[in-house]
Amino acid sequence: MDGGWRMRGGAPTMAIAIGIAIAVAQDARAAGPFVTARAAVVMDAATGEILWERNGSDPLPPASTTKVLTAIVALESGRLDDTFRVSVNAAETPPSKINLRPGQQMRLKNLLYAVLLNSANDAATVVAEGLAGSEEAFAVRMNARAGELGATSSHFANPHGLTAPGHVASARDLAVIFRHGLDLPLFREILGTRSVQVPLESSGVHWISLHSHNRLLSGYTYRVIGKTGYTRPALRCFVGSANHDGRELVIALLGSRDLWSDARRLFAWGFGGPPERPSVVMAGMVPLPSLHRRHARPAPAEGDDAPTDPRIARYALRLGPYPSRAAATATQARLARRGFSAVLAGRTLRIGTFASASRAEETAGHLRRTGYHPVVVLL
């Protein structure tokens, strides 16, 4: 006798197994989604309620997710049809960029497509200078608007998100800012665009092709709109939203090592779908983004997460931007006396051409020990 546990084809045993599976699933959901990110947030877009977070209020480098606030300030300026001229400073802003040249002109609306789709740092600088006269003055507007929206643990020093002292944002603040952007019709329209051509005025009209960096815009269970970001200090970042069954969620990720898997797991958890299986990670190892990727390519050193070709990758060191071109020139002279040849580009300096990020970082370490603050950038 076994007490009837195997009666009717083992139905009681099956019921116990199902009950255990349900309990395990409930425990897993209560624990929250697995993510590799330093900070993450899941927010209900309708109410602003934080449904789940990890280190959500920690100020961290936001990389190009900064451009969400840049776009919001621009969209609310009432000047979308104004045409802005490209300055020398804007043209010399480090990658990622659309290679604008001094004297060229673009409408603000078209610049925003470049800012949000291609994550163009040069276009973001044109927006800042066109609306406020300088990047510094525009940053003041950004911080004021962030404060008005309730994003109080963040501080922005520039319009593009390139590494700068004190330039930080929290995952919670990014979600708050993005949620506000969703109420601006053109914001959704731009982020929902896969590719587009926009006109550039330069001795006639030329057309620039722009393409979204968002891998979840199509081909995923939910259609996700959002903004990516990457710098070496920030790692991979994302803020975006998706709709399912009449409900919209906003997620924000900072410092991710497996960005798209992290994003999918947040949405799967938020919408109550089947959980995304986490990558197997051993101590000290970085999870692989995809088992189908045979050759992992190095992440770009600075700017955004546009793909790079390791066969042609070259790195340099960037110093600045300095308060003025004169200050940059003075620093260039001091570096020359120490044996460093620096190229002046607007209010920034560029040193060297390195075959690898590690070699660039070695030289950067020497400079840091003498009081400079270089950033490794991808050429």
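FYI, it's all coordinate maths here, none of it is from the lab. This one's a predicted model, so the numbers in the text were calculated from it and none came from an experiment. Neighbour counts are summed over all protein chains in view; Cβ atoms, including those assigned to glycine, are modelled from backbone coordinates with ideal geometry.
Per-structure values
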{"read-out": "Filtered trypsin sites (Lys or Arg not before Pro), segment 67-161: DSSP coil and at most 16 other beta carbons within 10 Å", "value": "ARG79"}
{"read-out": "Whether segment 315-378 is rounded, prolate or oblate, judged on the alpha carbon gyration tensor where a/c under 1.5 counts as rounded", "value": "prolate"}
{"read-out": "Neighbour-count ranking [beta-carbon atoms within 10 angstrom, fewest first] of VAL224, VAL168, VAL126, VAL88", "value": "VAL88, VAL168, VAL224, VAL126"}
{"read-out": "Calculated from backbone phi, Karplus (6.51, -1.76, 1.60) coupling profile of segment 261-269 in Hz, x at Gly/Pro", "value": "5, 4, 4, 4, 5, 5, 5, 4, 5"}
{"read-out": "Burial ordering of ARG101, ARG347, ARG54, ARG236, fewest other beta-carbon atoms within 10 Å first", "value": "ARG101, ARG54, ARG347, ARG236"}
{"read-out": "Relative contact order (percent, whole number), segment 39-270, Cα cutoff 8 Å, 6+ residue spacing", "value": "25 percent"}
{"read-out": "Amide H partners (placed H, <5 Å) of ARG38, local residues excluded", "value": "LEU254, GLY255, SER256"}
{"read-out": "Order of LEU111, LEU51, LEU75 under a 10 Å beta carbon neighbour criterion, fewest first", "value": "LEU51, LEU75, LEU111"}
{"read-out": "Phi to ³J(HN,Hα) by Karplus 6.51 cos²θ - 1.76 cosθ + 1.60 over segment 183-199, Hz, x for Gly, Pro", "value": "7, 9, x, 5, 4, 5, 4, 5, 5, x, 8, 6, 7, 7, 10, 10, x"}
{"read-out": "Base-10 log of normalised Debye intensity for segment 39-270 (one unit scatterer per alpha-carbon) at q = 0.12, 0.15, 0.17 Å⁻¹", "value": "-0.58, -0.92, -1.19"}
{"read-out": "Segment 217-225 - phi-based ³J(HN,Hα) in whole Hz, Karplus 6.51/-1.76/1.60, Gly and Pro as x", "value": "5, 8, x, 10, 3, 10, 7, 10, 9"}
{"read-out": "Positive dipole terminus of segment 39-270, leading residue within TRP260, LEU182, ASN55 (C-beta point charges)", "value": "TRP260"}
{"read-out": "Counted charge near ARG107, where neighbours are those whose Cβ lies closer than 10 Å (Asp, Glu -1; Lys, Arg +1)", "value": "-1"}
